[in-house]
Amino acid sequence: MPSTRILLDTDPGIDDALAILLAVASPEIQLDSVISVHGNCAVEQATLNALAILELAGANNIPVAKGFNLPLVQPSLLALETHGDAGLGYAKLSAPRNPPSARHGCDFLVERIMSNPGEMTLVAIGPLTNVAVAIRKEPRIVGALKEIIIMGGAVRHQGNSTPLAEFNVHVDPHAAHMVFHSGIPLTLVPLDVTYQCILTPADVKRLNKINSPITKFIDDSTRFYMEFHDEYQQIDGCAINDPLALALAFAPELCTYEEHFVDVDISGGVSMGNTFADFYKHTKKPANMKVALGVRARDFMELFLERMEGLARRLSET
Ligand code: RIB
Ligand code: CA
């Protein structure tokens, strides 16, 4: 089976953790490396979480490199109320045995891309700080990357960080602006599709039929995440944004796409970080990305649950 080689830039984070588990559980994916970034929690914590989640999944051979801890211009904005003080909700993982790479995540990202020209798909599921600086440090990555699949933005959907902005873009809108206008082939996976992918308590109950550290982790981490969604967004369950973006690296047919010119507001006002698609071609600018606007949500959720069941059985305690 041909596998898609991916680099994962991530701020684990509960749904990021589920995306890492999905990558490990999916034979179609060759997870080359993980690069951590600030966002759901500070990058130090995100790095520890990435290492611990890979260990939990029996994938501690995958290298992790620590990236940036601050946005390019904006002040730090973390989401501890959404993901918990340690970034993984109520889940408690053992301290990872492996250390992160000694190299900075941004340098690590450039090296992995440039040593595998045309081979790597970057799946970016946190703020885009690492990616933006990598483009400035080594402009040749623009031609060396196959594509970037970005979990971020909200095109027709309301924001989840402000009424007008999605979290990953709102945290570092200047980085998003640089990536959106880089010329790299981009696929945007916005809240428009990810908020149709809701993990429900019934889904978690199904997974709990398997006695495994994986299902216990999913239960403990998503219970916190569901409480947030219930309290702040009146959702019965939790949006698993990042696993959908990861899944499109090997199952792009789960979504439908339109090509549009998409920009991000960096003017600093009430709509800072807003992402908008030029549906009516007002700007006359060429499309700069594919935007996922439709999703086969139940098919994706079934795929996700089946992959989690498979991983849980492989790592079950009984
Ligand atoms: O808006 C959702 C995104 O912000 C997800 O990637 C979530 O993990 C947070 O980083
Ligand atoms: Ca994330």
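Here is how the numbers come out for the structure above:
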| read-out | value |
| --- | --- |
| Rg and Dmax of the chain, Cα atoms only, in Å | 17.9, 60 |
| Efficiency of FRET from Cβ geometry, residue 3 and residue 306, R₀ 22 Å, rounded to 0.05 | 0.75 |
| Dipole of region 134-241, positive end: most advanced residue of 134, 160, 233 [Cβ charges, Cα centre] | 134 |
| Debye log10 I(q)/I(0) at q = 0.18, 0.24 Å⁻¹ for region 150-245, Cα point scatterers | -0.87, -1.22 |
| Relative pair counts by distance (%), Cα atoms of region 1-109, 5 Å bins | 2, 14, 24, 25, 19, 11, 4, 1, 0 |
| Theoretical ellipticity at 222 nm over the chain - DSSP helices of four or more residues, -39500 (n - 2.57) apiece, nearest 500 | -11000 deg cm²/dmol |
| Accessible surface ranking that places the most exposed of 177, 83 first, with a 1.4 angstrom probe | 177, 83 |
| Relative packing of 121-132, 51-62, which averages over residues the other C-beta atoms within 10 Å, highest first | 121-132, 51-62 |
| Check: region 172-262 dipole with +1 on Lys, Arg Cβ and -1 on Asp, Glu Cβ, in debye | 420 |
| Computed lengthening from residue 253 to residue 200, 0.36 nm per intervening residue step minus Cα-Cα distance | 16.8 nm |
| Unit charges on C-beta of K, R, D, E only; dipole of the chain, Debye | 600 |
| Per DSSP, loop trypsin sites (Lys or Arg not before Pro) in region 243-297 with at most 12 further Cβ within 10 Å | 281, 284 |
| Using θ = phi - 60° and Karplus 6.51 cos²θ - 1.76 cosθ + 1.60, couplings along region 232-239 (whole Hz; Gly, Pro as x) | 9, 10, 6, 10, 8, x, 8, 6 |
| Restraint check, 92/137; 66/137; 66/290; 66/205; 216/290; 66/92, Cα-Cα greater than 27 Å | 92/137; 66/290; 66/205; 216/290 |
| Beta bridge orientation in the chain: antiparallel %, DSSP, nearest 5 | 35 |
| Beta bridge orientation in region 106-229: antiparallel %, DSSP, nearest 5 | 10 |
| Cα-centre dipole for region 201-318 with unit charges at Cβ (Lys and Arg positive, Asp and Glu negative), debye to 20 | 320 |
| FRET efficiency for residue 227 and residue 44, using Cβ-Cβ distance with R0 set to 35 Å, rounded to 0.05 | 0.90 |
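The values are calculated or read from the model by the stated rules, or taken from the named source; none is laboratory data. Being a predicted model, the structure only gives us computed values, none of them experimental. All Cβ positions, glycine included, derive from the backbone under ideal geometry; neighbour counts span all protein chains shown. Accessible surface is based on the protein model in full, side chains and every heavy atom, while ligands, DNA and RNA are left aside. Shrake-Rupley method; radii C 1.70, N 1.55, O 1.52, S 1.80 Å.
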